[in-house]
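What follows is one structure encoded as structure tokens, with my remarks underneath.
The values are calculated or read from the model by the stated rules, or taken from the named source; none is laboratory data. Predicted, not measured: the structure shown is a model, and the values here were computed from it. Reconstructed Cβ throughout: ideal geometry from the backbone, glycine too, with neighbour counts over all protein chains shown.
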Amino acid sequence: MAVDLLLGLQWGDEGKGKIVDVLTSNYNIIARFQGGPNAGHTLVFNGMKHVLHTIPSGIFHEDAANLVGNGVVIDPVIFKKELDKLEDQNVDYRKSLIISRKAHLILPTHRLLDAASEASKGKAKIGSTLKGIGPTYMDKTGRNGIRVGDIELENWKEKYRALANKHEAMIDFYNVDIQYDLEELELEFFQAIETLKSLKFIDSEEYIFQAQKEGKSILAEGAQGSLLDIDFGTYPYVTSSNTTAAGACTGLGVAPNKIGEVFGIFKAYTTRVGSGPFPTELFDEDGETMGRVGHEFGATTGRSRRCGWLDLVALKYACQINGVTQLMMMKADVLSGFKSLKVCTAYKYKGKTITHLPFNIEAENISPVYTDFKGWKEDLTEMEEASQLPQELNAYIAFLEKELETPIKLVSVGPDRKQTIFK
Ligand code: GDP
Ligand code: IMO
Ligand code: MG
């Protein structure tokens, strides 16, 4: 069976966790394929909120297997904390959680290197979550990394020591004021490694291959969003992995011709956390309202998210790069009460009007061209069927579907699992 993908189309935090949880009952396996604990995926059900960082969002469903794929980077310390929380809630993850031997490990010194690199950049900092993502992927591509499978080998601690020593020298090289007690960090790290070792490690590409052969259904869960992709995002203000559809092929070992549906998920407006260009960003009352009503604070770092109007130029780009087959619109409820809404349909760029994403989208090069829409007053949060949606929202949706040439099959009207309308 083909592998379906669920991907964020903006700068992350689109609501991927919620929708993966909603869709899990249709799948046998949920698989994360890239990113790491920089992700924060929120699920709300039965009056409880859960935030997952590395563990796939299908974990609350007993019947689904949850795979952490080879493309993911794992911080054992954060992973252990996630497991402890699941244990507190009596979630029996031991049966269902499996980890690729080829996934790379985030070491304590990777986190320190992230902090040193950001401190050395000053105002030009990326706004990283400081979870060690960039340095870990650098070691992966530089062929120095330590993988989950390594910790099953006897001499792995020698490899660890050599790499940690090298990292310490690199931290010194940055010449910034980073205070740390490596011994303490290592104590915590090696304890967490023991917890990790109690889980099931697998050769995940073989597992995925066999599962496909047996007709099992698989949903690959993206982290971050297309505009944070290392190749196609707003470089250098991006993360260090391929967050787009191709990342699922390399991050799981799925052949491109085995990809089925590509679910593209986006907010009815736009948010971004961290630095980098954001053409439709608002600095007025409208932006403030989106942030307040939408509770736009990072699920990993607690930082406030920057807010702005929907950017159709960027969204179209993301649909193209990913080959999106179905769209899902999140947080439509947050826009209730706006008298009018704007959607960016083109950019003014070097005196011309363009409708594609150019090399450089910094504010000094680009100004958005907007189309106005009438807002709606109705509270959407109690609505259960598409027929209840206000006419103005239907007009907004119809416009997006036409422009993006892709159907919007799901409208989310609140954080809870139940606040989901299928069209
Ligand atoms: P993810 O990283 O893509 O999984 O998204 P996050 O969990 O970081 O951020 C999405 C936030 O919006 C979370 O706080 C969700 O609980 C919340 N959320 C998801 N869908 C909706 C929705 O339709 N309406 C509202 N108001 N909140 C939502
Ligand atoms: P989810 O999966 C939103 C952003 C950071 C920073 C940049 C690089 O929850 O959607 P990194 O830690 O990767 O070095 O940070 O990417 N970023 C995210 N923004 N949602 C995320 O994940 C993010 N993961 C990273 O804020 O700007
Ligand atoms: Mg998030």
Answer residue from the stretch 296-331, given it is touching a Ser or Thr at 6+ places or on another chain (Cβ under 8 Å), assigned to a loop (DSSP other than H, G, I, E, B) and at pLDDT 95 or above and is nearest to ligand 1 (Cβ to nearest atom) among those: 331
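Matching residues to (1) within 16 Å of ligand 2 (Cβ to nearest atom); (2) of a type in the set (A, V, I, L, M); (3) closer than 16 Å to residue 14 by Cα:
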position: 308; (1), (2), (3): yes, no, yes
position: 313; (1), (2), (3): no, yes, no
position: 332; (1), (2), (3): no, yes, yes
position: 349; (1), (2), (3): no, no, no
position: 363; (1), (2), (3): no, yes, no
position: 381; (1), (2), (3): no, no, no
position: 384; (1), (2), (3): no, no, no
position: 397; (1), (2), (3): no, yes, no
Conditions (1) in contact (Cβ under 8 Å) with a residue 24 or more places away in the chain; (2) within 19 Å of residue 199 (Cα to Cα) -> residue 81 fails only (1)
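Could you list, in sequence order, all residues of the stretch 14-54 that are closer than 23 Å to residue 135 by Cβ and either part of a loop (DSSP other than H, G, I, E, B) or away from ligand 2 (no atom under 15 Å from the Cβ) (or both)?
33, 34, 35, 36, 37, 38, 39, 40, 53, 54
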For the stretch 207-228, how many residues meet the condition of being under 25 Å from the mean Cα position of the chain (by Cα) and either more than 16 Å from ligand 2 (Cβ to nearest atom) or among the basic types (Lys, Arg) (or both)? 8
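Tell me which residues, restricted to the stretch 268-295, are part of a loop (DSSP other than H, G, I, E, B) and more than 19 Å from residue 329 (Cα to Cα). So that I can check it myself, show each step before the final result.
Of the stretch 268-295, the ones part of a loop (DSSP other than H, G, I, E, B) are 268-269, 273-280, 282-284, 294-295.
Once the filter is applied, which keeps residues that are part of a loop (DSSP other than H, G, I, E, B) and more than 19 Å from residue 329 (Cα to Cα), the stretch 268-295 yields 273, 274, 275, 276, 277, 278, 279, 282, 283, 284.
For every residue, the table says whether it meets (1) touching a Pro at 6+ places or on another chain (Cβ under 8 Å); (2) without any contact (Cβ under 8 Å) to a residue 40 or more places away in the chain.
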residue	(1), (2)
152	no, no
155	no, yes
163	no, no
167	yes, no
177	no, no
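Restricting to the stretch 291-306, name every residue that is within 16 Å of ligand 3 (Cβ to nearest atom) and more than 17 Å from the chain's Cα centre (by Cα).
At the first step, the residues of the stretch 291-306 found to be within 16 Å of ligand 3 (Cβ to nearest atom) are 291, 294-306.
Answer for the stretch 291-306, where residues must be within 16 Å of ligand 3 (Cβ to nearest atom) and more than 17 Å from the chain's Cα centre (by Cα): 291, 294, 295.
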Is there a residue being loosely packed, with under 13 Cβ neighbours inside 10 Å and within 28 Å of the chain's Cα centre (by Cα) anywhere in the stretch 335-357? yes
Residue check: is residue 199 surrounded by 24 or more Cβ atoms within 10 Å (Cβ to Cβ), within 19 Å of residue 101 (Cα to Cα) and away from ligand 2 (no atom under 16 Å from the Cβ)? no
Restricting to the stretch 122-144, name every residue that is within 16 Å of ligand 2 (Cβ to nearest atom) and either outside any helix (DSSP H, G or I) or of a type in the set (Val, Ile, Thr) (or both). 125, 126, 127, 128, 129, 130, 131, 132, 133, 136, 141
